[in-house]
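What follows is a single structure, written as structure tokens, with notes after it.
The values are calculated or read from the model by the stated rules, or taken from the named source; none is laboratory data. A quick note: this is a predicted structure, and the numbers were derived from the prediction, not measured. Cβ: placed from backbone, ideal geometry, glycine included. Neighbour counts: every protein chain shown. Note: accessible area is taken over every heavy atom of the protein model, side chains too, but ligands, DNA and RNA are not part of it. Shrake-Rupley method; radii C 1.70, N 1.55, O 1.52, S 1.80 Å.
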Amino acid sequence: MILQVLAAMAAYFLLLLFVSRRSGSTNNNDTFFRAGHSSHWGMVAFGMIGASISGVSLVSVPGWVGTTGMTYLQMCFGFILGYAAVAFLLLPLYYRLRLTSIYGYLGQRFGQRAHRTGSLFFIISKLTGAAARMYLACLVLHEFVARPLGIPFPLTVLVPLLLIWCYTRRNGIAALVRTDVLQTACLLLSAAILLWAAADVLGLDLQGTITTIRRSPLSRVWEWDAQSPQAFWRQFLSGVFIVIVMTGLDQDMMQKNLTCRSLGEAQRDMCTYGLCFVPVNLLLLGLGVLLHSVCMAKGLAIPSRGDELLPTVIASGVLGAWVTIPFSIGLIAAAFSSADSALTSLTTSVCVDLLQLERKDTNEAQQSRQRSLVHICIVALFLACILVFYEVGSGSVIDLIYRLASYTYAPLLGLYAFGILTRRRPADRAIPYVALATPALCAALDYLAPQYLNYHFGYELLMVGGALTFLGLWATSFRD
């Protein structure tokens, strides 16, 4: 079966390379950064589902059911409002300013210190978050495929990263718009096959599957206890602001949307894939309910860590050995969809925001060589981060990603809110210090609140951090 999985993955890699080559062979910055502003909104919208869902959701979301039921849907409902805010508040701003990197807005509004501060926080956030996603996917593939063949974990990570580098190094975002369509299709098909396999083991037809999920005590959606981290308003509002910062203020997520032909198409794309989050995550949560039912029916011990539920059930063989193939393909598709766009957006941010490559008095060939060097350096950093995750380990990776976002995206939320909602200008030298102080204050609040206030922060810490940044900027500002 391992050889069959390897053959299926090799075929998928070849198809991925073929699709990427169809994006053209022009090696220039306009293609790499902006795809010539020629992407069809439908392709971008469908591809963004896979880029946003990622392999972390495929593995972690079903595992969450055991501890939090389906309360994650409360956050998904908040996502919808968040995507509407991005579509109608932020996208018009970015298109009006004709931005390649969205952090160019901070430069125009506040100056170069703010521009580079925003970019640096994005680079830190995206590098750690995307590496965490890739780490989980590579860890599962290592256990299923590489370890039995004696392949070390660093090589399990290096090979996919080199493949990603191969199909992104020339055409960048133009290639990703096409490859994301393939990868999203593989991810959704994989999730549907796994759910069907679990239902088949339990002897359920479609109606029986729906009834089993609906009647399960794990299908609880609403939580009204205000002290619970899963309380409705905490989850809903966190979902709104997580989308605003992790999509609307994230170069990775916005870069593909900025390749659409017009603002109207970009808004249509944003609203379309934003509405898809509820049904897609409902599919994954339903899979989690069925996997718990399979464990009880077959006498399998339910893992203590949610991330291990799906891999454990598949490894047990109760779903059939054949499901390893669609699971592996879906996982690697999701991992690639997240990692390739992260690598491309990080390269864009370093080149445009930090090195200001497009402003330099150099020709296109020189800029392309510098961009290629930055791109390979980002791949090396990515590899290093994943290996660090492997050494220290982690709990639920999706929870870790959102927790990291609460700290690292909070300064971006405060900077953009201050720029859009006020007409004041903070002191140029104060901006980096205010931004750096925010994560430290958030960490102190997160540590002290349970002891002195009997309150445990959830993802709403992001909103608190954004407010702290806003207040710090106000205290150091003057009327423009």
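Worth pointing out:
- Restricting the first member to segment 305-330 and to residues that are more than 14 Å from residue 189 (Cβ to Cβ) and touching a residue at least 60 places away in the same chain (Cβ under 8 Å), and the second to residues that are part of a helix (DSSP H, G or I) and among the acidic types (Asp, Glu), the beta-carbon pairs closer than 7 Å and six or more apart or on different chains are 311/143.
- Verdict on residue 208 being in a helix (DSSP H, G or I), among the small types (Gly, Ala, Ser) and loosely packed, with under 14 Cβ neighbours inside 10 Å: yes
- Looking only at residues of segment 405-452 that are charged (D, E, K, R) and over 25 Å from the mean Cα position of the chain (by Cα), we find that the one that is least open to solvent (accessible area, probe 1.4 Å) is 424.
- Qualifying residue in segment 139-161 (condition: open to solvent by 40 Å² or more (accessible area, probe 1.4 Å), touching a residue at least 24 places away in the same chain (Cβ under 8 Å), in a helix (DSSP H, G or I) and of a type in the set (Lys, Arg)): no
- If you check 77, 122, 88 for being modelled with pLDDT under 90 and hydrophobic (A, V, I, L, M, F, W, C), only one passes: 122.
- Meets criteria (of a type outside the set (A, V, I, L, M), open to solvent by less than 10 Å² (accessible area, probe 1.4 Å) and modelled with pLDDT of 85 or more) for residue 94: yes
- Top-ranked residue of segment 168-203 - restricted to ones that are closer than 12 Å to residue 286 by Cβ and touching a residue at least 60 places away in the same chain (Cβ under 8 Å), ranked as surrounded by the most Cβ atoms within 10 Å (Cβ to Cβ): 198
- Residues that are open to solvent by 10 Å² or more (accessible area, probe 1.4 Å) and under 14 Å from residue 256 (Cβ atoms) were ranked within segment 40-82; the one that is nearest to the chain's Cα centre (by Cα) is 52.
- Cross-chain or 6+ apart pairs with Cβ under 6 Å, segment 391-419 first and aromatic (Phe, Trp, Tyr), then assigned to a loop (DSSP other than H, G, I, E, B) and modelled with pLDDT under 70: 402/459
- Any hit, segment 210-230, residues being small (Gly, Ala, Ser), without any contact (Cβ under 8 Å) to a residue 40 or more places away in the chain and under 24 Å from residue 60 (Cβ atoms): yes
- Among residues of segment 14-33 being open to solvent by less than 40 Å² (accessible area, probe 1.4 Å) and at pLDDT 70 or above, the one that is nearest to residue 326 (Cα to Cα) is 16.
- Selection status of residue 50, of a type in the set (Gly, Ala, Ser), farther than 22 Å from residue 179 by Cα and in contact (Cβ under 8 Å) with a residue 12 or more places away in the chain: no
The rows are residues; the columns are (1) out of contact with any Ser or Thr (no Cβ under 9 Å at 6 or more places or on another chain); (2) buried (at least 24 other Cβ atoms within 10 Å of the Cβ); (3) modelled with pLDDT of 80 or more; (4) under 25 Å from residue 378 (Cβ atoms).
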{"position": "302", "(1), (2), (3), (4)": "no, no, no, no"}
{"position": "327", "(1), (2), (3), (4)": "no, yes, yes, no"}
{"position": "340", "(1), (2), (3), (4)": "no, yes, yes, yes"}
{"position": "343", "(1), (2), (3), (4)": "no, yes, yes, yes"}
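- Within segment 267-296, the residues that satisfy the criterion of being without any contact (Cβ under 8 Å) to a residue 24 or more places away in the chain and among the hydrophobic types (A, V, I, L, M, F, W, C) are 295, 296.
- For segment 249-263, filtered to residues that are in a helix (DSSP H, G or I) and open to solvent by 10 Å² or more (accessible area, probe 1.4 Å), the residue that is modelled with the lowest pLDDT is 253.
- Those residues of segment 264-315 which are over 30 Å from residue 253 (Cβ atoms), polar (S, T, N, Q) and part of a helix (DSSP H, G or I), in sequence order: 293, 312
- Filter pass, residue 335 being at pLDDT 70 or above and closer than 17 Å to residue 128 by Cα: yes
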